[in-house]
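Student: Input: one structure, supplied below.
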Amino acid sequence: MAIITGIKDTLDAEVARFAQTPLAQPVLLNSVPKGGTHLLRNIIRMFVPVEQHYDRDFVQIPNMHLHLEAFNPHAPRLCAAHLLFSDQAVANVRTARHVLLVRDPYDWVLARARFFVSDAFHQENLEHLKSGVFNTDMLLNFMIFGLHGKTPALADVYTHNAAAWLGTGVHLVRYEDILAALADLDAPSSEAYFRALLAACGIELPTDWRARVRVGSDRKLSRTARENLMLPDGVAFPPELPEQQKQLVDFHAPGLRRLLGYA
């Protein structure tokens with residue numbers, strides 16, 4: 001498994017500033033890796049007592065057997081995961097409220113490439129991606145089609161981390177919808193959005209919700225926010241996926257963006 005480094009997490013001190021109501025049921029924030037997990041997790045953390053934050057690790061299939069306490073219905077926790085759909089995973093999380101976060105595959109390709117070559121991501125068999133040997137377009141294609149035996153292709157990630165969970169009672173959240181709600185927290189639509197999101201977690205919307213959301217969404221507090229990642233000298237990614245790579249995504253995973261509500 002990869003090793004993730006970055007800025008120190010200091011959000012617990014911010015959470016303690018607000019009155020908290022304990023969770024009555026485990027909450028699983030499950031996501032496509034590089035789907036905006038830290039943003040969603042940090043926002044929801046602001047509404048949950050620190051002692052109920054399960055922060056030992058992100059739960060994944062290889063380490064799930066070590067973290068079953070995260071889903072204990074008798075000791076509810078808020079847990080973040082990149083959990084593949086499987087019989088064992090379904091059995092283990094069946095008592096939790098399950099929020100599933102996805103991201104537009106076009107933007108995901110860029111986010112994944114940026115992260116893989118950053119100073120925060122370390123995986124021995126992928127360190128060569130930071131060498132400067134590969135240009136930006138090559139790196140983007142690696143993210144779409146994967147690297148054999150080293151990292152999965154886009155279609156595999158979205159199939160097992162997202163699509164397979166649909167229709168099983170999960171609450172689907174799109175990263176872009178979170179950003180839209182954050183853009184104007186005073187708008188009635190933003191209040192409706194966060195009320196529904198918190199309700200999916202079994203949390204009532206408190207009167208000070210805007211203050212909590214502002215703190216939780218502060219990019220300076222996110223270890224994986226774009227501006228907190230250092231890239232190798234000379235490496236720069238475009239703000240939008242190039243047209244050729246968009247066509248490759250559609251060729252590689254036809255129907256995926258429509259399934260998730262992006263087309």
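Student: Taking the range 94-133 on its own, how many of its residues are modelled with pLDDT under 90 and closer than 18 Å to Leu39 by Cα?
Tutor: 2
Student: Another question, if that's okay. Give the residues of the range 51-94 that are more than 20 Å from the chain's Cα centre (by Cα), surrounded by fewer than 22 Cβ atoms within 10 Å (Cβ to Cβ) and under 25 Å from Pro206 (Cβ atoms), sorted by residue number.
Tutor: Glu51, Pro73, Ala75
Student: Please verify whether the range 23-41 includes one or more residues that are more than 20 Å from Thr159 (Cβ to Cβ), under 12 Å from the mean Cα position of the chain (by Cα) and not hydrophobic (A, V, I, L, M, F, W, C).
Tutor: Looking through the range 23-41, at least one residue is more than 20 Å from Thr159 (Cβ to Cβ), under 12 Å from the mean Cα position of the chain (by Cα) and not hydrophobic (A, V, I, L, M, F, W, C).
Student: Mind listing whichever residues of the range 207-263 are out of contact with any helix residue (DSSP H, G or I) (no Cβ under 7 Å at 6 or more places or on another chain), modelled with pLDDT under 95 and not in a loop (DSSP other than H, G, I, E, B)?
Tutor: Selection gives Lys220, Asn228.
Student: Something else about it: Exactly one of these conditions fails for Leu110: (1) out of contact with any Cys (no Cβ under 9 Å at 6 or more places or on another chain); (2) assigned by TED's automatic domain parsing to the domain that holds His171; (3) within 24 Å of Gly146 (Cβ to Cβ). Give me its number.
Tutor: Condition (2) is where Leu110 drops out.
Student: Just to be sure I understand, how many residues within the range 179-203 are more than 22 Å from Met143 (Cβ to Cβ), in a helix (DSSP H, G or I) and not basic (Lys, Arg)?
Tutor: Selection size over the range 179-203: 16.
The values are calculated or read from the model by the stated rules, or taken from the named source; none is laboratory data. Quick caveat: nothing in here was measured; it's all calculated off a predicted structure. As a convention, Cβ positions derive from the backbone with ideal geometry for all residues, glycine included, and neighbour counts pool all protein chains shown.
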